[in-house]
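**Student:** If you scroll down you'll find the structure; I have some questions about it.
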Amino acid sequence: MILPRQKKHSLFALPLVLATLVAAAFGAGAAAETGGAGQVETGGNVSNSAFDRQGMWVWYVSRSEGGSVGAIVARAKRNDVGTVYVKSGDGGTYWSQFNRGLVNALHGAGLSVCAWQFVYGDAPVAEARAAAAAVKKGADCFVIDAEADYEGKYAAADTYVRALRARIGAGFPVALAGFPYVDYHPAFPYSVFLAPGAADANLPQLYWYAIGDPVTAAFRHTYAFNNPYGRRIFPVGQTWMDPPKGQMLDFRRLARAYGSTGVSWWSWQETRRKVWPRLSGRLRGDPPGPRPRREFAPLPRGARGDLVVWAQELLRGAGLATPVSGRFEGRTERAVRTLQRRSGLEVSGVIDDPTWKQLLTAEPEEVRWSRRGNPAGLRTAVSGRAPATASLPPLADEIPPPPERSR
């Protein structure tokens, strides 16, 4: 996850937590196992999806309840946590803390277990192998934690998701956990990670308190720019920094009001005892601010970035001629106007709410960024390896890096 960078992105040697949690060896050609806790519920959560259940993220098992699996289970049950997200890898390095013993113990307590991996994009095939290894240990779902290191790396993202799906199958639940403010990161390949056949859920790291925005503003910004990708959104909130109790409850209320059936929290080891009870109990009262509605960020001519890449892929999937460059220029505007005209929409040339909804009925045209050369009739800027906007810098870091902490 995004915070704290200095610790989270480092490759530390992990001790085994408990002797009883030593992983059983798995064969290289073994079929992926999909866990077994998906239909067993905890507390007030009732769903058949690990993402739909309230979750808590574990960075180091050894620093979560002192590494005691029994204590982890007890804490989860007391506080309505149904899914435990456990770090299983960093880049191409598999973390031994995610092992079959741990997974089986959590499953035995009725908890879902989701593996997550921080990825860099420098060795995408090795990263995919490490990810698949966690699935083979019995994970119920898998989360790709891709952040600043992946900005501009369209070919690497394409290689990674294809290699991952080849190893775990098309139906295994996969999610992307990335930056919440899409417009701040025009070079990040959301359109690759959230494309058909890639991640089928979107877990934006909506750390409103660290961002410094009111909860309502952070939700509206995050959802407006993530809705166009057409994936179910399960926001990740924060328990670190001890955000005020009222704001945490508002986060839960807003997630429900926006239609998200599950939320999760970062992170177990940084959650103080007084904060845990805020995750459980019946929510009373309405969410703050005006009633949330499903809205999409408008894209006018002159816009640049991955959201334009995605819109161009959808336009091409709808049979309209446009380059996939990430730049909203004349040909793209003409394609938008044509779509609006034939769909009976207001012909403005701006991709507004009704136009996004119409676009999302089309299957986006697939772009093989990992393959050299361009498909016939498809113009991209860098020999099919990335759109022109892949070199754009981020507009801002919505979650500022923290001061160095002791390990």
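The values are calculated or read from the model by the stated rules, or taken from the named source; none is laboratory data. Because the structure is a prediction, the values reported are computed rather than measured. Every residue, glycine among them, receives a Cβ derived from its backbone with ideal geometry; neighbour counts consider all protein chains shown.
**Student:** Determine whether Val309 is among the aliphatic types (A, V, I, L, M), at pLDDT 95 or above and not in a helix (DSSP H, G or I).
**Tutor:** Spelling it out, it is not the case that Val309 is among the aliphatic types (A, V, I, L, M), at pLDDT 95 or above and not in a helix (DSSP H, G or I).
**Student:** With Leu299, Leu279, Leu307 as the choices, which residue is closer than 22 Å to Pro394 by Cβ and in contact (Cβ under 8 Å) with a residue 60 or more places away in the chain?
**Tutor:** After ruling out the rest, the residue left standing is Leu307.
**Student:** In segment 124-158, how many residues are more than 26 Å from Val324 (Cα to Cα) and of a type in the set (Val, Ile, Thr)?
**Tutor:** 2
**Student:** Just need a number here: residues in segment 241-268 that are farther than 16 Å from Ala218 by Cβ and surrounded by fewer than 19 Cβ atoms within 10 Å (Cβ to Cβ).
**Tutor:** Counting residues in segment 241-268 that are farther than 16 Å from Ala218 by Cβ and surrounded by fewer than 19 Cβ atoms within 10 Å (Cβ to Cβ) gives 4.
**Student:** Against the conditions (1) part of a loop (DSSP other than H, G, I, E, B); (2) over 30 Å from Pro394 (Cβ atoms); (3) not aliphatic (A, V, I, L, M), where does Gly262 fall short? Just the number, please.
**Tutor:** (2)
**Student:** Related question: Contact list please: Cβ distance under 6 Å, first residue in segment 62-80 and under 14 Å from Ser267 (Cβ atoms), second residue small (Gly, Ala, Ser) and part of a helix (DSSP H, G or I), pairs at least six apart or on different chains.
**Tutor:** Short answer, once both residue conditions are applied: Glu65/Ala71.
**Student:** Right, here's the next one. Listed residues Arg63, Arg75, Arg100; which is in contact with a Gly (Cβ under 7 Å, 6 or more places away or on another chain) and charged (D, E, K, R)?
**Tutor:** Only one candidate qualifies: Arg100.
**Student:** Let me ask you something else. So, of the residues in segment 273-296 that are modelled with pLDDT of 95 or more and within 24 Å of Val143 (Cβ to Cβ), which turns out to be surrounded by the most Cβ atoms within 10 Å (Cβ to Cβ)?
**Tutor:** Leu279
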